[in-house]
Amino acid sequence: MTATVTRSNPAAVRAPTGYTHAIQVTGDYRRLIISGQVGMALDGSIPSSPEGQIAQAFANLRAVLAENGMTVDNIVKTTAFLTDRELLGAYRQARGAVFGDHAPASTLLFVAGLADPAWVVEVEAEAVA
């Protein structure tokens, strides 16, 4: 199975920082749709700091990818939900550390709350291999 991933940032749309406006996938491939991952560890514990929750959410995302034979380089789209605008800097820093130069299409939303009031972040993704 082969997939061709083509990233594009149209000249008519402001250039993004840290993400890509559009990603087209063609060819034979596997598509993985990953449910929202929150900052909860395997044992059910929730880190006390927002930064810890963000790191755990990304660790959970990596675990789902690994279980399916993929890495963050296979991600073509993310959607993130934050419960506090003050977390934007911490989220961007963690996201940058996880993705490096890989820039998937991305949406970030600020929401009033998540399924558990203790959670401050949720990240869902789509990946292709």
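Which one is farthest from THR26 (Cα to Cα), of the residues in the range 105-124 that are at pLDDT 95 or above and within 14 Å of the chain's Cα centre (by Cα)?
Only one residue fits best here, namely VAL121.
From the list ALA12, ALA3, ALA57, ALA22, pick out the single residue that is aliphatic (A, V, I, L, M) and out of contact with any strand residue (DSSP E or B) (no Cβ under 8 Å at 6 or more places or on another chain). Walk me through how you get there before you give the answer.
Values: ALA3 fails: out of contact with any strand residue (DSSP E or B) (no Cβ under 8 Å at 6 or more places or on another chain); ALA57 fails: out of contact with any strand residue (DSSP E or B) (no Cβ under 8 Å at 6 or more places or on another chain); ALA22 fails: out of contact with any strand residue (DSSP E or B) (no Cβ under 8 Å at 6 or more places or on another chain).
Testing whether each residue is aliphatic (A, V, I, L, M) and out of contact with any strand residue (DSSP E or B) (no Cβ under 8 Å at 6 or more places or on another chain) leaves just ALA12.
Which number in (1) over 12 Å from ALA125 (Cα atoms); (2) surrounded by 12 or more Cβ atoms within 10 Å (Cβ to Cβ) marks the one condition that PRO104 misses?
(1)
The values are calculated or read from the model by the stated rules, or taken from the named source; none is laboratory data. Computed from a predicted structure; not experimentally measured. FYI the Cβ positions are ideal-geometry reconstructions off the backbone, even for glycines, and counts take in every protein chain you see.
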